[in-house]
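Some notes on the structure that comes next.
The values are calculated or read from the model by the stated rules, or taken from the named source; none is laboratory data. Since we're looking at a predicted model, the values are computed, not measured. Positions of Cβ are backbone-derived with ideal geometry, glycine not excepted, and every protein chain shown enters the neighbour counts. Note: areas computed on protein heavy atoms with side chains; ligands, DNA, RNA excluded. Shrake-Rupley method; radii C 1.70, N 1.55, O 1.52, S 1.80 Å.
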Amino acid sequence: MCIVCGWINAIRTWNADLHENADLVRVRPLPYYLISEMKLAHKIRKLAGPLTYRRAWRRVRRSLSPLPLEPLRAKIDLKRLREIQQRYTDSSEGFAKYTDVDRYLRVNRERVQDLKLHRSTRKRVLDLGCGGGFFLFILKKLGHSVLGLDVGHIDLYTELVELFDVPRVLWKISAFEPLPDLGQKFDWITAFSVRFNLYQPSKRSWGSAEWDFLLRDLQRHLAPSGKIFLELNPPDYHASELRDFLVSRGATVERERILFEKRLRFPSVSYATFGSKDSELASVAEADNHELHG
């Protein structure tokens with residue numbers, strides 16, 4: 001038995017004895033060296049976990065197949081960008097951070113690499129809640145056909161989308177309301193930092209009926225071999241009911257990352273619902289939050 005495992009077993013025994021004899025002993029804090037051993041053991045278990053392995057392997061893949069940002073930066077009108085940055089630097093709204101174009105190009109470069117779109121043939125990509133258009137800007141410069149969809153009420157996003165010359169359709173995603181006719185089928189439908197699945201002002205998350213409706217509608221916009229990638233926000237990706245539901249529809253779920261690589265599965269029989277009881281009866285008119293960040 002390794003030293004760390006031995007310490008863990010000793011600590012477990014010590015804690016069990018305390019619980020059994022709580023009325024006879026005075027509980028003292030754990031010694032510092034025992035706490036350190038526990039932290040080390042936790043880190044070792046975390047490193048050995050499948051989630052840590054998959055994320056580490058993605059980092060390795062990115063380094064093996066780099067995507068330089070300098071050629072992308074060279075395509076940006078820097079004078080116009082500086083004007084945008086100056087206007088929003090002191091903005092009290094929470095969107096001013098997106099003027100840090102280098103930072104968000106790096107974030108979205110990783111997204112492009114993780115989906116292997118920097119090494120693929122030309123694809124048609126629809127990004128739901130495209131925000132400032134960083135993800136689609138990179139894809140467009142790589143030769144893909146792109147289209148963004150967003151609500152359009154955030155002025156900074158509008159200016160960035162225009163700066164990047166990214167085509168965009170103005171639309172708010174609402175529960176039980178289909179997307180508009182976009183005139184084409186897509187090889188990829190993506191959505192990052194998903195927040196359209198919240199009712200306002202209650203911030204109540206969608207239930208199974210809302211998600212089922214959306215997934216059926218997205219499939220209508222997919223090419224025969226099309227894929228869907230969604231990146232959820234907490235606490236949604238901690239919800240086991242939502243995870244189980246997405247898996248039942250054919251998704252591979254890795255915490256916040258939801259990937260449908262093949263055609264979605266929809267049962268012909270009724271399914272168990274999750275979420276609040278009035279979820280299925282929610283009015284389409286109840287506004288959902290669609291402030292997705294690009």
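Within the stretch 215-225, is even one residue aliphatic (A, V, I, L, M), assigned to a helix (DSSP H, G or I), modelled with pLDDT of 95 or more and open to solvent by less than 10 Å² (accessible area, probe 1.4 Å)? Yes, because at least one residue in the stretch 215-225 is aliphatic (A, V, I, L, M), assigned to a helix (DSSP H, G or I), modelled with pLDDT of 95 or more and open to solvent by less than 10 Å² (accessible area, probe 1.4 Å).
Applying the set (1) among the acidic types (D, E); (2) open to solvent by 10 Å² or more (accessible area, probe 1.4 Å); (3) within 18 Å of T158 (Cα to Cα) to D114 leaves exactly one unmet item: (3). Tallying residues that are under 24 Å from R122 (Cα atoms) and in contact with a strand residue (DSSP E or B) (Cβ under 9 Å, 6 or more places away or on another chain) within the stretch 216-240 yields 12. On the given criteria, is P201 modelled with pLDDT under 95, under 30 Å from H238 (Cα atoms) and more than 21 Å from the chain's Cα centre (by Cα)? The answer is yes for P201. Applying the condition of being without any contact (Cβ under 8 Å) to a residue 12 or more places away in the chain and closer than 27 Å to S92 by Cβ to the stretch 119-161 and asking which residue is least open to solvent (accessible area, probe 1.4 Å) yields T158.
Residues considered: L105, L81. Of these, the only one that is touching a residue at least 60 places away in the same chain (Cβ under 8 Å) and open to solvent by less than 40 Å² (accessible area, probe 1.4 Å) is L81. Considering only the stretch 226-254, state which residues are over 20 Å from F196 (Cβ atoms) and assigned to a strand (DSSP E or B). Within the stretch 226-254, T252, E254 qualify.
G94 fulfils the conditions (1) exposed (fewer than 13 other Cβ atoms within 10 Å of the Cβ); (2) touching a Leu at 6+ places or on another chain (Cβ under 6 Å); (3) not aliphatic (A, V, I, L, M) except for a single criterion, (2).
In summary, helices (runs of 4 or more DSSP H) completely within the stretch 67-153 and bearing 2 or more residues that are in contact with a Lys or Arg (Cβ under 9 Å, 6 or more places away or on another chain) occur at 70-73, 101-114, 134-141. Within the stretch 112-143, can you find the residues that are touching a strand residue (DSSP E or B) at 6+ places or on another chain (Cβ under 9 Å) and of a type in the set (F, W, Y)? If the condition is that a residue be touching a strand residue (DSSP E or B) at 6+ places or on another chain (Cβ under 9 Å) and of a type in the set (F, W, Y), then F135, F137 are the ones that fit.
Selection over the stretch 162-198 of residues that are part of a helix (DSSP H, G or I) and open to solvent by 10 Å² or more (accessible area, probe 1.4 Å) gives a count of 2.
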